[in-house]
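Written out below as structure tokens is the structure these notes cover.
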Amino acid sequence: MTTKIHSAVDGRGRPRANVVTGGQRNDGAMLAEVLADIHIPRLGQGRPRTRPDAVIADKAYSSGTIRRQLRGRGVTAVIPEKSDTIAARQRRGSRGGRSPKLDADLHKGRNVVERSFALAKQRRALVTRYDKLAITYRAAVTLCAILTWLRALGDTP
């Protein structure tokens, strides 16, 4: 009966990819699936862009596995470290390695995804989860994304 929406948004809070899973599903495990759903068409010819410049996330995504996965794709990880990870690294001393770099100014933009979810919560059917089937709930999430994009593109010629 529980559901999670895993979402990737651009710098203006417009959804780029949405994945709906069961509520018990781990956020970090779904990152690869969310990143695989990103397709940004190019202005001219060529295949769509599938890799973001950076992933700005909270501490839930700070595992080494996720950082290696992003590094392998050539994506900058702007993710703060968990306090227990910092303590474990410091206990190891020089063998603990360096802490990952964090661009604090870029990380301030993480609230964009939170505002995107706040906008989605304006849709009553999406928040209250009236749909019984996962496919119809995913359709409601997609419709919400379409409405967000239409609002953003409404004043363009």
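FYI, it's all coordinate maths here, none of it is from the lab. Quantities reported herein were computed from a predicted structural model and do not represent experimental measurements. Neighbour counts are summed over all protein chains in view; Cβ atoms, including those assigned to glycine, are modelled from backbone coordinates with ideal geometry.
For A17, what residues show an amide H to amide H distance below 5 Å, using hydrogens built from the backbone and excluding near sequence neighbours?
A8
Check every DSSP H run in the chain and write down those whose alpha carbon atoms cover 27 angstrom or more along the long axis and whose mean Kyte-Doolittle hydropathy is 1.0 or greater.
Length and hydropathy pass: 134-153.
When we measure straight from the Cα of K108, which lysines land under 26 angstrom away, once same-chain ones fewer than 8 places off are left out?
K4, K59, K82, K121
Treat the count of other C-beta atoms within 10 Å as a stand-in for reagent exposure and order L119, L31, L150 from fewest to most.
L150, L119, L31
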